[in-house]
Structures are given as C-alpha cells and as structure tokens.
Amino acid sequence: MGLVLAVAAALWGAGWALGVPPKSRLTVLAGLFLLVLALQLVLPAGHPLRTATGGSPAPWLLLAGFAVLALLYGRWVAGLRARADASGPKPDAPTGSFSEVELDRYARHIVLRELGGPGQKRLKQARVLVIGAGGLGAPALQYLAAAGVGTIGVIDDDVVENANLQRQVIHDDADIGMPKVFSAQRAMEAQNPHVAVRPYHRRLTPEIAADLFADYDFVLDGSDNFATRYLANRVAVAQGKPLISGALTQWEGQVSVFDPAHSGPCYQCIFPEAPDEALAPACSVAGVAGPLPGVVGAMMAMEAVKVITGAGTALRGALLIYDGLYGETRRIGLKRRADCPVCGNNDKG
Amino acid sequence: MKIVLNGEPQEVEARSLAALLEEAGISGRVATAVNEAFVPSALRSRHMLAEGDRIEVVAPMQGG
C-alpha cells in the first residue's frame, strides 16, 4: 500500500513541478486509485501484484471514504465563507469615490442621519483653510483631518516652541524648532492618510490673502493677533465665504460663524475696532489654560462640519462664549451693522 | 434696579446701557448684548434697561 501512496505522491509532485492544474492531477490520482482497487478485486488473494498493492480492497475503500468526507467538508466551509463575504461591505458601493477602508473609517459618520454617505462625500470634497497652527489650530486641524475633510490648507509662519506644547497638542516635543505647518501636516497625514494637507509656512498678508482664500470653500480663523483677524474677515466677506472665528484668553473663549453673504454679521460688525493691547493681551502675556484651546478649537471644527454638510444650525448670527473657569457657556444673538465698512453694502442679513 | 451683568446679579443706578457701562467702569471697545441680543455701540445711549435684564459685555480676544 505504501508503494502505491509513494507513486501517488510522486505523480502529484511531478504534476506540480510541470505546472499541471490541480484538477488534472486529481483526475490522474483517481485513475490510479481505480486501477489499484480493480487489482484488489480481480486478482486472487496471494497474487504478488495484489499483495504489493495492499492485499485487500478494505483499506483502499476506507481511504476513499475519508477523501470524500474531506472534500464535502471543504465545500461546506467555502460555502459559508462566500455567504459571509456577500453580506459585508462591497468595494465601490454607491458612494463611488470611497474605498472600503474609508467607508469603514467613516462608519460612525455615515450612520448619523444628518450626515450619512452624502454628508461624508461633502466632507471629502470640501477645501478648508485654517489660519494658525497654534492652540486653536491644533485641535481644529486634527478633527478636520480625522473627520475626512478632503483638502486642508494651513498657514502659519511660526516654528514650534517649547512653551507652545502645554496646549498645542498637534506638535510633539521632537518637533521643537520645526515650522508648525510641517509638524501639523505630518501629524494629520499620520492620523488620516486619506486627506490632502497643504502647508503654507508664511504669514497671512494682504498681498497673498485673496489668492489663498480663492482656493478654499471657507476659512477657520485661529490666529493670534487682531491684524490677521480683521484681514481674514475683510477677504472672506469680499469673497462671500464663511469665516469660522475662534478666539480665547486665559480661561475664556469665543466662537462664531461670520457669514454675511448667507446671514448674520461679519467680525467687524461686532468688534468695529481692535482694543488697546493692554485690554486684550496675547496668550504669551496673559496666559491660557491648556485645555481651553482644545474646547474652542474642537467647537470650530464642529461648526466646520455643519457648514460643509448643512447639518443642524451653524453659529451664524450667534456668538458662543465658553467660560472655562466657571464651566459656563453663554450664547448671544448677533446682528449685522448697516454702517459696517466691511459688509455694510451687503443686501442680505 | 436689579440687572445681571456677565452672569453676576447687580444693583445699579443706570437707566441706559451706555450709562451702565460707565457706572460699571467698562471702557474701551467692547460688544454688548441685552437679553442675548446684540446692541451695537451707536444704540447704547438710547437702549433703556429694564428690571432683570441680562447684560453681556464681550471684549474681543486675539489669542489663538
């Protein structure tokens, strides 16, 4: 019997080496099996050939029985696997442009009634510019990237400093000395390789603002000075684009969506002039509680998701004030100022 | 008259929003809201306060 099995193994191996398909090799083995079985049945007991190939049909029939069982089991498992595959997500389902990995990644968005597949597609197609990769920019950028906003621009002329890291969670200790936009880009691309990040390592100036804003659907302002805030507002209003504005000092922050082309006021309607430096000091002078920019920057990202997808009601015509020291939020309604030098000529409001 | 200024209940003499800012010693470029509605600076002297009004004085912030 061992001799026959050795011949069978040799035939299988030779077939594999010659590239014969498994089905043909199985056919050859089945022929060998039938030949041996015929020898057992036809030749008289004690015939040298019958003795050399086993001596009795019983072990061969037993072997055949095991082979049939193994075959049936294999078929059954393959059937189960096929059924499980059919119920799972299919690549290139109705959303078209999402890969299977992306569909899985954004599954918690897609189940939200207000977002769903169409909302996720709008996020992917959105182009958002974030001014500042500091306290507010850090969480805003991280959440925009994680949420799948397809194109994220970030402009900042600073480099990462040791004293930034108490609150600017997008940068690491090893990034000290590196331009913030590149550190932020690396963090975002590491977190979500399905988004495109465009870093601009320079200051936002009146010379470049209009051209830069033109490439984006809207702007998040997390800058750290009034000159940039008024500039961003002027250019956003001129291009009819929403400006999601966040600002903070010490324990308190403000968030609003300035979008006079749609409804409500612009930044300058509410704050016509910058206050004296002494009354509204920068973070470096006044201090800022570490988690505060996390709260306010995440609120900005939340407003961005709503502005992109149309879900719920964005903070247009409303200013949300978060007072971290007492755990309070207050919300006041805002109105456009007819004599505003920036948006005053706008018909809507 | 009792009003609530930035979340704090206060007893004040002022009748108008502009007078309230003066009485509270708030100067400079701030935004104001009465009962959650924005009141532009030009209208503050004409905006008369009522018992229990909630006044919010918001200073612009530049930090980011």
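Here are some residues: A:294, A:333, A:310, A:290. Which one is more than 18 Å from residue A:220 (Cα to Cα) and more than 11 Å from chain B (Cβ to nearest Cβ)? It is A:290.
Taken over region B:3-20, residues that are within 10 Å of residue B:49 (Cα to Cα) and assigned to a strand (DSSP E or B) amount to 2. Residue count for region A:64-117, restricted to those that are modelled with pLDDT of 80 or more and not in a helix (DSSP H, G or I): 9.
To keep it simple, each residue is scored yes or no on (1) of a type in the set (Ser, Thr, Tyr); (2) within 10 Å of the chain's Cα centre (by Cα); (3) closer than 24 Å to residue A:299 by Cβ.
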site: B:7; (1), (2), (3): no, no, yes
site: B:17; (1), (2), (3): no, yes, no
site: B:36; (1), (2), (3): no, no, yes
site: B:45; (1), (2), (3): yes, no, no
site: B:52; (1), (2), (3): no, no, no
site: B:63; (1), (2), (3): no, no, yes
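Selection of region A:133-148 for residues being small (Gly, Ala, Ser), farther than 13 Å from residue A:171 by Cα and out of contact with any strand residue (DSSP E or B) (no Cβ under 7 Å at 6 or more places or on another chain) yields A:146, A:147, A:148. For residues that are touching a Lys or Arg at 6+ places or on another chain (Cβ under 8 Å) and in a helix (DSSP H, G or I), scanning just region A:276-303, find the one that is surrounded by the fewest Cβ atoms within 10 Å (Cβ to Cβ). Ranking the candidates gives A:291 first. Each residue in region A:304-324 was checked for being in a helix (DSSP H, G or I) and either touching a Lys or Arg at 6+ places or on another chain (Cβ under 9 Å) or farther than 21 Å from residue A:125 by Cβ (or both), and 3 of them qualify.
Considering each residue of region A:178-192 in turn, none proves to be crowded, with 21+ Cβ neighbours inside 10 Å and closer than 23 Å to residue A:336 by Cα.
For residue A:320, are the conditions met, namely being under 23 Å from residue B:5 (Cα atoms), touching a Phe, Trp or Tyr at 6+ places or on another chain (Cβ under 9 Å), within 13 Å of another protein chain (Cβ to nearest Cβ) and modelled with pLDDT of 95 or more? No. Go through the residues of region A:263-281 one by one and say whether even a single one is touching a residue at least 40 places away in the same chain (Cβ under 8 Å) and away from every other protein chain (no Cβ under 11 Å). Within region A:263-281, one or more residues are touching a residue at least 40 places away in the same chain (Cβ under 8 Å) and away from every other protein chain (no Cβ under 11 Å).
Checked against (1) closer than 24 Å to residue A:202 by Cβ; (2) among the small types (Gly, Ala, Ser); (3) crowded, with 23+ Cβ neighbours inside 10 Å; (4) away from chain B (no Cβ under 11 Å), residue A:247 passes all but a single condition, namely (4).
The values are calculated or read from the model by the stated rules, or taken from the named source; none is laboratory data. Not measured: the values here are computed from a predicted model. With ideal geometry, Cβ positions are generated from the backbone for all residues, glycine too; neighbour counts draw on all protein chains shown.
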